[in-house]
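These notes concern the structure reproduced below.
Computed from the coordinates by the stated procedures, all read-outs in this text should not be read as laboratory data. All values derive from a computational prediction rather than experimental measurement. Because the Cβ atoms are built from the backbone with ideal geometry, glycine has one as well, and the counts that use them run over all protein chains shown.
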Amino acid sequence: MSAVIRHGSEDDITLAEVDRVAVVGGGGYVGWHIVLRLVGCGHSVAIMDLGLFPEAREAVSANKSITFFRVDIREKEELLDSFKRYRPKTVYHVASYGMSGREMVGTAKQKSRLGKLIMIS
């Protein structure tokens, strides 16, 4: 069954019929806040990312509701293995190639596109 998401006020988000959720890119700032919200709603969450946002490192090791998979979304077999092991019912894809600097925009777009194509396939 798919997730039923109802958006109201910031404190009024209900996710029904979802137990195991994967957040691809959950180690970054935006993804981490999605993870926190999901865990706060009582869900078991897998983070699939290359690393963790600094404040997330300690929280992940202390919280049994969060599982961390160190995986590069551009590596199809690694990503598929993580999905097979965790078996999420719902997936949030918020991964991006985090870089700063105007000169890096082309590289970031190229790597993000490759990761998205792998996720779709």
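Once R0 is set to 22 Å, what does the formula 1/(1 + (r/R0)^6) return for the Cβ-Cβ distance between E75 and R37, expressed as a FRET efficiency to the nearest 0.05?
Using R0 = 22 Å, I get an efficiency of 0.20.
What is the gain in length, in nm to one decimal, between L50 and S65 on full extension, counting 0.36 nm per residue of separation less the C-alpha to C-alpha distance?
3.5 nm
Amide H neighbours of F53 under 5 Å, counting only residues 5+ apart in sequence or on other chains, H built in-plane at 1.01 Å?
Hits under the 5 Å cutoff: G28.
Name the long-range amide H neighbours of V23: under 5 Å, sequence gap of 5 or more, or other chain; modelled H, no Pro or chain starts.
A46, I47, M48, Y92
Around G31, with a cut-off of 13 angstrom between Cβ atoms, what is the net charge of the other residues, counting Lys and Arg +1 and Asp and Glu -1?
-1
Per residue of segment 76-82, in order, report the coupling 6.51 cos²θ - 1.76 cosθ + 1.60 (Karplus, θ = phi - 60°) as ³J(HN,Hα) in whole Hz, putting x for Gly and Pro.
After applying 6.51 cos²θ - 1.76 cosθ + 1.60, I find 4, 5, 4, 5, 4, 4, 4 Hz.
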